[in-house]
Each structure stands twice: as structure tokens, then as C-alpha cells.
Amino acid sequence: MVFNKNFLIGLMSILLISCSYFEKDKGKIIINNESPYLISDVRVKYTSSKRVDLIGDLPPNSSYRYAIQYTSYEDSISIDYTDQDKKTYSRDAVPYAASYDKERYTFTIR
């Protein structure tokens, strides 16, 4: 079977672009606020290392990309936030985070 050289180059380009897109978001948490309300006091809390990063407010229907701060040992991550009724929530976002096992996580607030 004979391949067209341009077709093969195009196919390889698409493959490389798609792979690099997924690799770019490794080690990140995508925090999505799908509610029509402002979400305030968003915090990322690491269980083992006791680290807390303040993200701040998240406008309605928006998202935020947070880069996970890996340490030399495993950790788990939760996200705390306050809704429009001033009720505070704490939910697990990453059950297991390690630098040798970088993943992309999505955390959605509805």
C-alpha cells in the first residue's frame, strides 16, 4: 500500500499536537464554577503537608487552572469554598497526588 507523503505528514502532525495538548495539563487541577453565582474564599488544602493555597473568588461560569505543588512524598488535596449563601464546603479533589504520577484533575462546583 502506497501512502501519500503529505497525508502521512498531516496525520503525524495531528497526532503530535493532540498528544502535546494532553501532556500540557498534567499536574493541574481545573476548578470549574458552573453555578450562576460567585464562589468565594476558594482554598486548596494539602492533607499531609498541611499546605493551604488561597485562590480567592471564582466568578460565575468560569474556571481556574491550579498547578499542583508536589513534595517528596504522596499527598491528598481537598478544595474548600464558600457559596452565595455563606455556606462553607470542603470536598476531595485529588485523592492521591505524587510527582511520579502526575495527572490532570477536574473539580466542578455546581
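The values are calculated or read from the model by the stated rules, or taken from the named source; none is laboratory data. Note that the structure is predicted; figures quoted are calculated from it, not measured. No Cβ is skipped: glycine too gets one built from the backbone with ideal geometry, and neighbour counts run over all protein chains shown. For accessibility, only protein heavy atoms count, side chains too; no ligands or nucleic acids. Shrake-Rupley method; radii C 1.70, N 1.55, O 1.52, S 1.80 Å.
For this structure, a couple of remarks:
- Within segment 36-50, the residues that satisfy the criterion of being over 14 Å from residue 79 (Cα atoms) and either open to solvent by 80 Å² or more (accessible area, probe 1.4 Å) or among the acidic types (Asp, Glu) (or both) are 36, 37, 38.
- Test result for residue 40, closer than 30 Å to residue 100 by Cβ, at pLDDT 95 or above and of a type in the set (Gly, Ala, Ser): no
- Checking each residue in segment 66-109 for being under 16 Å from the mean Cα position of the chain (by Cα) and charged (D, E, K, R) picks out 75, 80, 91, 92, 101, 102, 103, 104.
- Answer residue from segment 57-78, given it is open to solvent by less than 20 Å² (accessible area, probe 1.4 Å) and in contact with an Asp or Glu (Cβ under 8 Å, 6 or more places away or on another chain) and is nearest to residue 28 (Cα to Cα) among those: 66
- Residue satisfying condition, being more than 19 Å from residue 109 (Cα to Cα), touching a helix residue (DSSP H, G or I) at 6+ places or on another chain (Cβ under 6 Å) and either part of a loop (DSSP other than H, G, I, E, B) or at pLDDT below 95 (or both), within set 96, 70: 70
- Flag for residue 95 being more than 13 Å from residue 28 (Cβ to Cβ) and in contact with a Pro (Cβ under 6 Å, 6 or more places away or on another chain): no
- Filtered residue count, segment 93-110, keeping only those that are within 16 Å of residue 46 (Cβ to Cβ) and either touching a residue at least 24 places away in the same chain (Cβ under 8 Å) or surrounded by 12 or more Cβ atoms within 10 Å (Cβ to Cβ) (or both): 9
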